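Undergrad: Take this structure, written in structure tokens, and hold onto it; I'll ask about it next.
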Amino acid sequence: MRKVTGMGLLCLLVVLVVYTIWDNNRIIIVEQKIIINDLPESLEDFKILQVTDLHEREFGKDQKRLIKSINSIDYEVIIFTGDMLENSDSKNYKP
């Protein structure tokens, strides 16, 4: 019984670790429509792409996965927000 319980806990731990790694490295695209009353007609359907909280993650060589995702979206303006670096000690300032 202990062996089965131990194996079950080990399997659960492995699944949790794999899920966490996958979740932290996936690209999530969420579309939100925002209604603004009295918005000038020239700004109707204006699309803003927000890229946020990268935390120094790399999405393939030269960020190709991220760039492919960005280029698959139709937008007028792109903004980068949130934490771009992992912490204040980071020295990773390359584009």
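Undergrad: On a 1.4 Å probe surface of the protein chains, which of PHE46, PHE80 comes out largest in accessible area, and what is the full order? Intermediate results must be reported in sequence, preceding the final value.
TA: Numbers: PHE46 90, PHE80 110 Å².
Result, largest first: PHE80, PHE46.
Undergrad: Right, another one. Of the accessible area of the chain, with the probe set at 1.4 angstrom, what percent is carbon plus sulfur? List each step's numbers first, then the result.
TA: Numbers: 5140 of 8790 Å².
Ligands and nucleic acids excluded, carbon and sulfur reach 58 percent.
Undergrad: Moving to a separate point now. Provide the per residue accessible area, probe 1.4 Å, for the range 1-53, rounded to a whole number of square angstrom.
TA: On the way: 5300 Å² over 53 residues.
I get 100 Å² per residue for the range 1-53.
Undergrad: Turning to a different aspect of this structure: SER42 to ILE28: extension gain in nm, 0.36 nm per residue of separation minus the Cα-Cα distance?
TA: Numbers: separation 14, 0.36 × 14 = 5.04 nm, distance 2.89 nm.
Gain in length upon complete extension: 2.1 nm.
Undergrad: Dividing the Cα convex hull volume of the chain by residue count, how many Å³ per residue is that?
TA: Details: hull volume 17.8 nm³, N = 95.
Measuring per residue, one finds 187 Å³ for the Cα hull of the chain.
The values are calculated or read from the model by the stated rules, or taken from the named source; none is laboratory data. Owing to the predicted nature of the structure, the values given are computational and were not obtained by experimental measurement. We work out accessible area using only protein heavy atoms, side chains counted, and drop any ligands, DNA or RNA first. Shrake-Rupley method; radii C 1.70, N 1.55, O 1.52, S 1.80 Å.
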